[in-house]
Amino acid sequence: MNTAEIFNFPVPVVALTEPRVADLEDGFTRIANELLEAVMLAGLSQHQLLVFMAVMRKTYGFNKKSDWVSNEQISGLTGILPHKCSAAKSALVKRGIFIQTGRAVGINKVIGEWSTSPQKGKEKDAYPKEVSLPESGNKRLPESGNDTYPNQANTKDKHTKEKKDNSNKTNKSPKSVSFDPNNAELPEWLSASVWAAWVSYRRDLKKPIKSQQTVTQAINLLDRCRLSGHLPEEIINQSIANGWQGLFEPKSAKQQPRQQSRVTENFAGKDYGTTEIPEWARD
């Protein structure tokens, strides 16, 4: 006999489903605006804020001031692990944001009793009043903690360090006073404005004049150039125009223009003597 096996495949649902819309008719949680604004300014962490909303939903959502809300219930609403929910709830109780009576917990509506969250890096750590030092100096610090504790342990490193510090203090040289080339004494033939232009140019080149010796050598070079017929401003302007860092004496001195003297000779007034005519030319 021939038998046939029938397979029933699932029929897809083609009917459109309407999206679910939140509506007040399905229930709502009433909270004072002042309380909601205080929560936003409280600086809560993400876990603490979610736990606050979960407790608010389980209390104010049922018109209750407080109720027993287990960590598993909070975890089901927030998706946070139960032990982390417990830690966040304990932190809110410690700050006064939650009021816990036995197993019941609720929101503290007296906002003035909330404590602010400490800023990072400013938490106060508990330091012991008495600290035991190692064997090299087994003494205790004062209770106030404000006095300095002298290190009385005699070690080789201590003596070496003190000797090194003392030697560094004695070898320090005094700071040198900055030199201003504009205050240098200039000769009468050198204009102060021309010299100031040269000083400013050197400063712009990041090569300032730092000593009186440099000023003296520059003045001596300008003096030699002046005696050779070159003006000091010409030497300085030449270096500035060419972008030179120093002053340079020209290779050749300026030649003074020669004055041509015109002499008129009196050839008629000169005595040239007598010339005898040879015999062969007399006839």
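Some notes on this structure:
- The calculated P(r) of the stretch 181-242, using every Cα pair and 5 Å bins from 0, goes 3, 18, 31, 29, 15, 4, 0 in percent.
- 3J(HN,Hα) along the stretch 190-204: 9, 6, 5, 5, 5, 5, 5, 5, 5, 5, 5, 5, 5, 5, 5 Hz, from the Karplus curve 6.51 cos²θ - 1.76 cosθ + 1.60 with θ = phi - 60°, whole Hz, x for Gly and Pro.
- Rounded, prolate or oblate (a/c below 1.5 giving rounded, otherwise prolate when a/b exceeds b/c) for the stretch 28-113 by Cα gyration tensor: rounded
- Counted residue by residue at 0.36 nm each, then reduced by the alpha carbon distance between them, the extension gain from residue 18 to residue 201 reaches 57.5 nm.
- Distance (nanometres) between label positions extended 7 Å along Cα→Cβ at residue 192 and residue 104: 9.4
Just so you know, all these numbers are worked out from the coordinates, no wet-lab data involved. Small disclaimer: the values here were computed from a predicted structure and weren't measured. We place every Cβ from the backbone using ideal geometry, glycine too, and count neighbours over all the protein chains shown.
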